[in-house]
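*Asks:* One structure follows; several queries about it will come next.
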Amino acid sequence: MSGQTLTDRIAAAQYQLTGSDMARAVCKATTHEVMAPKKKHLEYLVSATNTTNVNIPQMADTLFERSTNASWVVVFKALVTTHHICVHGNERFIQYLASRTSLFNLSNFIDKTGSVPMRNILMF
């Protein structure tokens, strides 16, 4: 059985119901599980940036939304996922990020879930 929380499963189901495979992949890449984002979700998001019908602003906004989560694990995975897409994805993603006036506002971030050593998540 997967280590996904009930919250993760509900969020993924909501995105599936709305028909947004891309948002669902972002949600699944940024779960509460203390492990690196799954490669299959990262690869899906990178390949999505290379298609003409993907909504890049929606992808970025979903990542920004995930970075406001109360869990440091979700925030960290949102940042890792964003970095991965910047490095391996289409330039349109970086161009969209560059056109925004602000990106990630982490100044008020306080982990409210209890600490898990950072070294546990950095093992890719």
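Please treat every number below as a calculation from the coordinates, not as lab data. Predicted model only: the values in this text are computed from it and were never measured. Because the Cβ atoms are built from the backbone with ideal geometry, glycine has one as well, and the counts that use them run over all protein chains shown.
*Asks:* Figure the gain on full extension for Glu65 and His83 (residue separation times 0.36 nm, minus the Cα-Cα span) and round it to one decimal in nm.
*Replies:* In short, 4.9 nm is gained.
*Asks:* How would you rank 64-76, 86-98, highest first, on the average number of other Cβ atoms within 10 Å across their residues?
*Replies:* 64-76, 86-98
*Asks:* Also, I was wondering about something else. Using r as the Cβ-Cβ distance of Gln58 and Ser107, and R0 as 35 Å, what FRET efficiency do you calculate, to the nearest 0.05?
*Replies:* The calculated FRET efficiency here is 0.90.
*Asks:* In addition: With viscosity set to 1.567 mPa s at 4 °C, what whole-number translational diffusion coefficient in µm²/s follows for segment 6-103 from Stokes-Einstein and a Kirkwood radius over Cα pairs?
*Replies:* 97
*Asks:* Nothing charged except the Cβ atoms of Lys and Arg (+1) and of Asp and Glu (-1): what's the magnitude of the dipole of segment 15-107 about its Cα centre? Round to the nearest 20 debye.
*Replies:* Roughly 140 debye for segment 15-107.
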